[in-house]
Amino acid sequence: QVQLVESGGGLVQPGGSLRLSCAASGISFSWYDMRWYRQTPGNERELAASISHDNSTKYADSVKGRFTVSRDNAKRTMYLQMNSLRPEDTAVYFCSAVWGSRNFWGPGTQVTVSL
C-alpha cells in the first residue's frame, strides 16, 4: 500500500520559517521524482518545487531563493525548507511522487502565514 504523509505545517508569522516533510512508504522512493504542490481555495494546484530521482531541483519563480527542496532516500522522506514566508504562501501543501505513469499524492498539510 502506497502512502505519502506530509507534516510540519502550521501557523507562522510573516518572515518566519517552516520545514515540511513528506514521508513515503510502499514505493521504491529513490526511483521517484518528488514534488511539492500548493493550493488555495478556488485555485488550481501550483507546482512549488520539485526534486528528481537524481537530485535535480526546480522552483516556481514565486518561491525561488526562499524555499529549498531536499530528499533523504535512506529515510524515504522529502523536505521543503521554507524561509522568509509571506502571507501569499498560505496554502495547503501537497507532496507528490512520480515514476512513469505512476503518480501518488499525500493528503496535504496546511500552512498559514499571518500575524
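Relative contact order for the chain: 37 percent, from Cα pairs under 8 Å spaced at least 6 residues apart, divided by residue count. Using 0.36 nm per residue and subtracting the Cα-Cα separation, the extra length available between Asn73 and Thr57 on full extension is 4.3 nm. For region 67-88 versus region 3-40, the inter-centroid distance based on Cα atoms is 7 Å. Accessible surface for the chain, divided over its residues, is 54 Å² per residue with a 1.4 Å probe. GNM remark for the chain: springs join alpha carbons under 10 Å apart, and the peak mean-square fluctuation among Gly65, Gly42, Gly26 falls on Gly42. Of the solvent-accessible surface of the chain, computed with a 1.4 Å probe over protein heavy atoms with every protein chain present, carbon and sulfur atoms account for 47 percent. Of the GluC sites (Glu not before Pro) found in region 1-74, the ones in coil according to DSSP and having at most 14 other Cβ atoms within 10 Å of their Cβ are Glu44.
The values are calculated or read from the model by the stated rules, or taken from the named source; none is laboratory data. On a predicted model such as this, the values are computed, not experimentally measured, just so you know. Virtual Cβ from ideal backbone geometry, glycine too; neighbours counted across all protein chains shown. These accessible areas exclude ligands, DNA and RNA; they are computed on the full protein's heavy atoms, side chains included. Shrake-Rupley method; radii C 1.70, N 1.55, O 1.52, S 1.80 Å.
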